[in-house]
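The next block holds one structure in the form of structure tokens; read it before the comments.
The values are calculated or read from the model by the stated rules, or taken from the named source; none is laboratory data. Note that this is a predicted model, so its numbers are computed, not measured. FYI the Cβ positions are ideal-geometry reconstructions off the backbone, even for glycines, and counts take in every protein chain you see.
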Amino acid sequence: MTPPLSDHFNGKTFFQPGGDPNGRFKDFLRWQFSRRAAPWPDRVTLRAQAPPPKPRGDEIVATWVGHATFLFQTARGNFLTDPVFSDRVSPVRWAGPRRVHPPGLLFESLPRIDAVLLSHDHYDHCDLTTLRRLAATHDPEFLAPWRHRDLLAAAGARKIVELDWWQTHALGGGIAATLAPTRHWTNRFGTPRNHRLWGGFFLDCGARRVWFAGDSGYDRDLFKAIRERCGAPDLACIPIGAYEPRWFMAPMHMNPAEAVQAHLDLGSPCSLAMHWGTFQLTDEARDDPPKALAAARAAAGVEPGAFPILSPGESVVR
């Protein structure tokens, strides 16, 4: 099915209204030839975490698996975001960014997964190996932005729902998922740049609401618009990593100070940091994002508990 023409689709490719967050190829080359990436550890040992508690009543239990992968458990269903359990995020299995810590949950320990929420096609968010395992083991519903059907079908998914920005899909148990805009882009080997749409998911679980950002640069109007259209989430999952150098990354990835501002724009009483510390994608040191987040929280008067750093495998109950 061809997506309809809109303020972000020209009939061939998707685009960002108000400006393209994806830098020019010559800027990418400039970064690659001039980058001074901080060293990362080869391996990080995780602290043992208690298994996620079972949700009671209207509770949502959010467990950070690593990078952009969260497990959301509710009494009405269980959901995974951008699931990546593989060792590398790359077009090939033998090269590319390699994870420095194992997933915070074993794949085999996952509860029944009712739906997978896929934000976009970048390899650190869309891992076909993991998607194949989920399709074969759990046969969940897969929700994704426009034009991800081919990837999901190739991974063996049977129940696929593609959404445009601001479209809502009813999941089981009275839960609704809305795809909302983010400031990002798409690209994957074998398809043109921005062939697929991107976005984040707003889950309305009745008494609780969750916002999962996926990947996004900061936009002073965007997160306020999400709050106005969907309401303030009870829990927001906001990226804080992959932001250096700013001259290149700013349009597509928030830094921690911008993540705190997004937290304030959304009006969430609690936001969880993600998209840091698992794969070295950009130039900052591994421990820079949590340090910068602490400084940004203090500068904005945000309590640490309102925007915590979780360890992989750690859970929050809302």
Exercise. Starting from region 22-46, take each residue that is of a type outside the set (D, E, K, R) and list its partners that are surrounded by 10 or more Cβ atoms within 10 Å (Cβ to Cβ) and not in a loop (DSSP other than H, G, I, E, B), counting only C-beta distances under 6 angstrom and pairs at least six apart or across chains.
Key: Gly23/Phe248; Trp31/Phe248
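Let's see how each residue does on (1) touching a helix residue (DSSP H, G or I) at 6+ places or on another chain (Cβ under 9 Å); (2) polar (S, T, N, Q); (3) in a helix (DSSP H, G or I):
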residue	(1), (2), (3)
Ala273	yes, no, no
Thr278	no, yes, no
Glu284	yes, no, no
Lys291	yes, no, yes
Ala296	yes, no, yes
Ala299	yes, no, yes
Ile309	yes, no, no
Self-check item: Those residues of region 196-232 which are acidic (Asp, Glu) and surrounded by fewer than 21 Cβ atoms within 10 Å (Cβ to Cβ), in sequence order
Solution: Asp204, Asp221, Glu228
Quiz item: Which condition does His275 not pass, out of (1) surrounded by fewer than 21 Cβ atoms within 10 Å (Cβ to Cβ); (2) in contact (Cβ under 8 Å) with a residue 24 or more places away in the chain, if it passes all the others?
Solution: (1)
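Quick check, is Phe79 in a strand (DSSP E or B), closer than 24 Å to Ala177 by Cα and aromatic (Phe, Trp, Tyr)?
Working: in a strand (DSSP E or B): yes; closer than 24 Å to Ala177 by Cα: yes; aromatic (Phe, Trp, Tyr): yes.
Here the answer is yes, as Phe79 does meet what is asked.
Matching residues to (1) within 21 Å of Gly19 (Cβ to Cβ); (2) in a loop (DSSP other than H, G, I, E, B); (3) modelled with pLDDT under 95:
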site	(1), (2), (3)
Ala177	no, no, no
His184	yes, yes, no
Trp198	yes, yes, no
Phe202	no, no, no
Ala207	no, yes, yes
Asp215	yes, yes, no
Glu258	yes, no, no
Practice problem: Kindly provide the set of residues from region 86-114 that are more than 20 Å from Pro312 (Cβ to Cβ) and buried (at least 17 other Cβ atoms within 10 Å of the Cβ), ordered by number. | Solution: Ser90, Asp114
Exercise. Collect the residues in region 260-271 that are within 18 Å of the chain's Cα centre (by Cα) and part of a loop (DSSP other than H, G, I, E, B), keeping them in residue-number order.
Key: Ser268, Cys270
Practice problem: Using the structure shown, decide if Arg133 is outside any loop (DSSP other than H, G, I, E, B), surrounded by fewer than 24 Cβ atoms within 10 Å (Cβ to Cβ), in contact (Cβ under 8 Å) with a residue 24 or more places away in the chain and not small (Gly, Ala, Ser). | Solution: yes
Exercise. Look at Leu143 and say whether it is surrounded by 20 or more Cβ atoms within 10 Å (Cβ to Cβ) and in a helix (DSSP H, G or I).
Key: no
Self-check item: All positions within region 7-27 that are modelled with pLDDT of 90 or more and either among the hydrophobic types (A, V, I, L, M, F, W, C) or closer than 19 Å to Pro245 by Cα (or both)
Solution: Phe9, Phe14, Phe15
Practice problem: State yes or no: is Thr182 crowded, with 24+ Cβ neighbours inside 10 Å, under 15 Å from Leu117 (Cα atoms), out of contact with any His (no Cβ under 6 Å at 6 or more places or on another chain) and of a type in the set (Ser, Thr, Tyr)? | Solution: yes
Self-check item: Test set (1) at pLDDT below 95; (2) crowded, with 21+ Cβ neighbours inside 10 Å - Arg36 fails condition number
Solution: (2)
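Acidic (Asp, Glu) and touching a helix residue (DSSP H, G or I) at 6+ places or on another chain (Cβ under 8 Å) - does that describe any residue in region 252-269? Give the derivation first.
Pass one, region 252-269, residues acidic (Asp, Glu): 258, 265.
In the following step, the residues that additionally are touching a helix residue (DSSP H, G or I) at 6+ places or on another chain (Cβ under 8 Å) were identified as 265.
Yes, region 252-269 contains at least one residue that is acidic (Asp, Glu) and touching a helix residue (DSSP H, G or I) at 6+ places or on another chain (Cβ under 8 Å).
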Practice problem: Specify which of the listed residues (His120, His125) is farther than 19 Å from Leu272 by Cα, buried (at least 16 other Cβ atoms within 10 Å of the Cβ), in contact with a Leu (Cβ under 9 Å, 6 or more places away or on another chain) and not β-branched (Val, Ile, Thr). | Solution: His120
Quiz item: If you take the residues in region 227-263 that are in contact with a Ser or Thr (Cβ under 9 Å, 6 or more places away or on another chain) and β-branched (Val, Ile, Thr), which one is nearest to Trp166 (Cα to Cα)?
Solution: Ile238
